Amino acid sequence: MSEIKNIENTKSDFEINEESKYIKTYLFIKGYAVAKNFQQTIIALSLAKRLHEGQYRRGGDPYITHPLKVCNTLISCGIEDDTILAAALLHDVLEDCQDKLKDNREEFVTEYGLSREVLEIITILTKESGISDDELQVYFDGIKNNGKALLIKLSDRLHNSSTLYSFPYEKLVKYIDETDRFIIPIADYGNDYYPEYTNAINLLKSNIFSLNRSMRIMLEKSEHQISVLKNEIEELKLEIEKLKS
């Protein structure tokens, strides 16, 4: 009995520590949504927490920290839109929570009471894995044609860009290139076609650009250092061969 109790206590402490990583942001968004009477956001907040339970980011944080950060960043950028904030909280559920969802996406509307617009936005933001460059272009074209989805994607990219240190090398290179090829251009497009979101888009784009540039510089330095190290190893091998002869 004592061993079971100790295990339970350890689990309880672990859960408390995990919750401490996101509880302040969670409560802030909840309080903000209640104050604004944002019913869609209130529903989405609870649903996102439930669906992402047991999932973790590559760096080890509970996955819910990501949609919370995406939503909170949009609030910080001055976005006061129930639909946008709700969709931000749920932007990854169709992609990452299939095992907890029914086949019919209608449950978001019929069972949970979310609007069809929220469902449409999170559908636009859902990306299939392993898609080709042409399919990736189609994906980002769909996002740029919906101003609300575009805002969420920029906030999503900003948070992901701030955690690139946890990415494997190949994924890091691909992510940096993808940001330059697709994210910056759709931000420019958003500035031209969604003037109501200009301030938020500029804030997000500026931070994304700075992070991406910094990571690219670090990557280039790392590649140079690796190249120098390889040359030194080859020279050392030659010296060893000379000594053998």
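Got a number for residues in the stretch 49-99 being outside any helix (DSSP H, G or I) and within 16 Å of residue 118 (Cα to Cα)?
Of the stretch 49-99, the ones outside any helix (DSSP H, G or I) are 52-64, 77-81, 90-92, 97.
With within 16 Å of residue 118 (Cα to Cα) added as a condition, the list becomes 79-81, 90-92.
Of the residues in that region, 6 qualify.
For the stretch 76-87, which positions are in contact with a Phe, Trp or Tyr (Cβ under 8 Å, 6 or more places away or on another chain) and crowded, with 22+ Cβ neighbours inside 10 Å?
85, 86
Would it be correct to say that residue 47 is touching a residue at least 60 places away in the same chain (Cβ under 8 Å) and of a type outside the set (Lys, Arg)?
So residue 47 fits the description; yes.
Does the stretch 152-161 contain at least one residue that is of a type outside the set (Val, Ile, Thr), at pLDDT below 95, in a helix (DSSP H, G or I) and in contact with a helix residue (DSSP H, G or I) (Cβ under 9 Å, 6 or more places away or on another chain)?
Checked the stretch 152-161: at least one residue is of a type outside the set (Val, Ile, Thr), at pLDDT below 95, in a helix (DSSP H, G or I) and in contact with a helix residue (DSSP H, G or I) (Cβ under 9 Å, 6 or more places away or on another chain).
Out of 165, 197, 189, I need the residue that is surrounded by fewer than 13 Cβ atoms within 10 Å (Cβ to Cβ), touching a residue at least 24 places away in the same chain (Cβ under 8 Å) and outside the structural domain of residue 43 (by TED's automatic domain parsing). Which one?
Answer to the selection: 165.
May I ask you to list the residues in the stretch 58-90 that are under 12 Å from residue 38 (Cβ atoms) and of a type in the set (S, T, N, Q)?
83
Suppose we keep only residues that are outside any loop (DSSP other than H, G, I, E, B) and of a type in the set (D, E, K, R) within the stretch 100-122. Which one would you say is surrounded by the fewest Cβ atoms within 10 Å (Cβ to Cβ)? Quick ask: steps written out before the conclusion?
Going through the stretch 100-122, the residues outside any loop (DSSP other than H, G, I, E, B) turn out to be 100, 107-110, 116-122.
Then keep just the ones that are of a type in the set (D, E, K, R); that gives 100, 107, 116-117, 120.
On the way: 100: 13, 107: 13, 116: 10, 117: 16, 120: 15.
Checking each candidate, the answer is 116.
Applying the selection to the stretch 172-186, what residues are basic (Lys, Arg) and surrounded by 13 or more Cβ atoms within 10 Å (Cβ to Cβ)?
Of everything in the stretch 172-186, just one residue is basic (Lys, Arg) and surrounded by 13 or more Cβ atoms within 10 Å (Cβ to Cβ), namely 181.
Looking at residue 32, is it within 28 Å of residue 168 (Cβ to Cβ), free of Cβ contacts under 8 Å to residues at least 60 places away in the same chain and aromatic (Phe, Trp, Tyr)?
no
Can you say whether residue 94 is surrounded by 11 or more Cβ atoms within 10 Å (Cβ to Cβ), free of Cβ contacts under 8 Å to residues at least 40 places away in the same chain and within 22 Å of residue 151 (Cβ to Cβ), as far as the supplied structure shows?
Yes.
The values are calculated or read from the model by the stated rules, or taken from the named source; none is laboratory data. If you're wondering where the values come from, they're calculated on a predicted model, not measured in any experiment. So basically every Cβ, Gly included, is an ideal-geometry build from the backbone, and we count neighbours across all protein chains shown.
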